[in-house]
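Nothing in this text is a laboratory measurement; each read-out follows from the coordinates by a stated rule. Here the structure is a predicted model, which is why all the values come from computation and not from measurement. Cβ coordinates were reconstructed from backbone atoms using ideal geometry, including for glycine residues, and neighbour counts include every protein chain displayed.
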Amino acid sequence: MMDRVPLLQGGCFCRAVSYAVYSHPSLSAYCHCTNCQRLTSCPLIHTMHFDAVAFTWTHSEPHEYQLDFYDNPLKSYKRRFRCKTCGVGIASYNSQTQRFSVWGATLDRNQEGKIVGWDVAKPTAHIFYGTRLLDVNDNLGKWEGYESKSERLG
Ligand SMILES: [Zn+2]
Ligand SMILES: [Zn+2]
């Protein structure tokens, strides 16, 4: 456990699983890809990427005791973790890039229901927008793939 102040903290619905991150995300975006849609049963998901050294589980040890995981057969280097008790997906680990993906809706909220640390967490783009299930009328850029690495759609 790092003796620094985390920039963001979150956890599952029942709070049996929790995490903290100690850096700004290297990517924060609304992802409209078909994998995210099908793996979360949501039309889009707010995803953030962090280097593995900046991410730590904070629930009681051994951490694995509360975690189920699923290795995507299409991307075997990606392991998705979910809470054994409430079933909520929390994060995935990419062993190729040694990064965690964390889903923004799991971040801690204040009493008004707003995400604590939103300025750190907030998305900068819509990615994989070509496979969107709904149109989004906001000011963020819309990209066919990753932000600034693919065709811009809007
Ligand atoms: Zn839970
Ligand atoms: Zn995605």
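Mind checking which residues of segment 1-37 are more than 16 Å from ligand 1 (Cβ to nearest atom), among the aliphatic types (A, V, I, L, M), part of a loop (DSSP other than H, G, I, E, B) and surrounded by 15 or more Cβ atoms within 10 Å (Cβ to Cβ)?
Leu7
If you take the residues of segment 38-51 that are part of a strand (DSSP E or B) and not polar (S, T, N, Q), which of them is farthest from the chain's Cα centre (by Cα)?
My answer is Asp51.
Are any residues in segment 114-143 part of a loop (DSSP other than H, G, I, E, B) and either closer than 21 Å to Pro25 by Cβ or of a type in the set (Phe, Trp, Tyr) (or both), and if so, which ones?
Once the filter is applied, which keeps residues that are part of a loop (DSSP other than H, G, I, E, B) and either closer than 21 Å to Pro25 by Cβ or of a type in the set (Phe, Trp, Tyr) (or both), segment 114-143 yields Lys114, Val116, Gly117, Lys122, Pro123, Thr124, Phe128, Val136, Asp138, Asn139, Leu140.
So which residues in segment 1-38 are within 16 Å of ligand 2 (Cβ to nearest atom) and in contact with a Pro (Cβ under 6 Å, 6 or more places away or on another chain), if there are any at all? Before the answer, list the steps.
We begin by selecting, within segment 1-38, every residue within 16 Å of ligand 2 (Cβ to nearest atom); these are 25-38.
Ser28, Ala29, Tyr30 - these are the residues of segment 1-38 that are within 16 Å of ligand 2 (Cβ to nearest atom) and in contact with a Pro (Cβ under 6 Å, 6 or more places away or on another chain).
On the given criteria, is Tyr93 touching a Lys or Arg at 6+ places or on another chain (Cβ under 6 Å) and either within 25 Å of Val120 (Cα to Cα) or surrounded by fewer than 13 Cβ atoms within 10 Å (Cβ to Cβ) (or both)?
It is true that Tyr93 is touching a Lys or Arg at 6+ places or on another chain (Cβ under 6 Å) and either within 25 Å of Val120 (Cα to Cα) or surrounded by fewer than 13 Cβ atoms within 10 Å (Cβ to Cβ) (or both).
Name the residues in segment 106-154 that are within 16 Å of ligand 1 (Cβ to nearest atom) and out of contact with any Leu (no Cβ under 7 Å at 6 or more places or on another chain), would you?
Of everything in segment 106-154, those that are within 16 Å of ligand 1 (Cβ to nearest atom) and out of contact with any Leu (no Cβ under 7 Å at 6 or more places or on another chain) turn out to be Thr106, Asp108, Arg109.
Would you mention how many residues in segment 38-54 are over 15 Å from Trp118 (Cα atoms), crowded, with 18+ Cβ neighbours inside 10 Å and either touching a Gly at 6+ places or on another chain (Cβ under 9 Å) or touching a residue at least 60 places away in the same chain (Cβ under 8 Å) (or both)?
Within segment 38-54, residues that are over 15 Å from Trp118 (Cα atoms), crowded, with 18+ Cβ neighbours inside 10 Å and either touching a Gly at 6+ places or on another chain (Cβ under 9 Å) or touching a residue at least 60 places away in the same chain (Cβ under 8 Å) (or both) number 2.
Looking only at segment 31-69, which residues are under 30 Å from Val136 (Cβ atoms) and among the hydroxyl-bearing types (Ser, Thr, Tyr)?
Of everything in segment 31-69, those that are under 30 Å from Val136 (Cβ atoms) and among the hydroxyl-bearing types (Ser, Thr, Tyr) turn out to be Thr34, Thr40, Ser41, Thr47.
Determine which member of the set Asp71, Asp135 is without any contact (Cβ under 8 Å) to a residue 24 or more places away in the chain, under 19 Å from Asn35 (Cβ atoms) and surrounded by fewer than 17 Cβ atoms within 10 Å (Cβ to Cβ).
Result of the check over Asp71, Asp135: Asp71.
Does at least one position in segment 82-90 carry a residue that is exposed (fewer than 13 other Cβ atoms within 10 Å of the Cβ) and out of contact with any Phe, Trp or Tyr (no Cβ under 7 Å at 6 or more places or on another chain)?
yes
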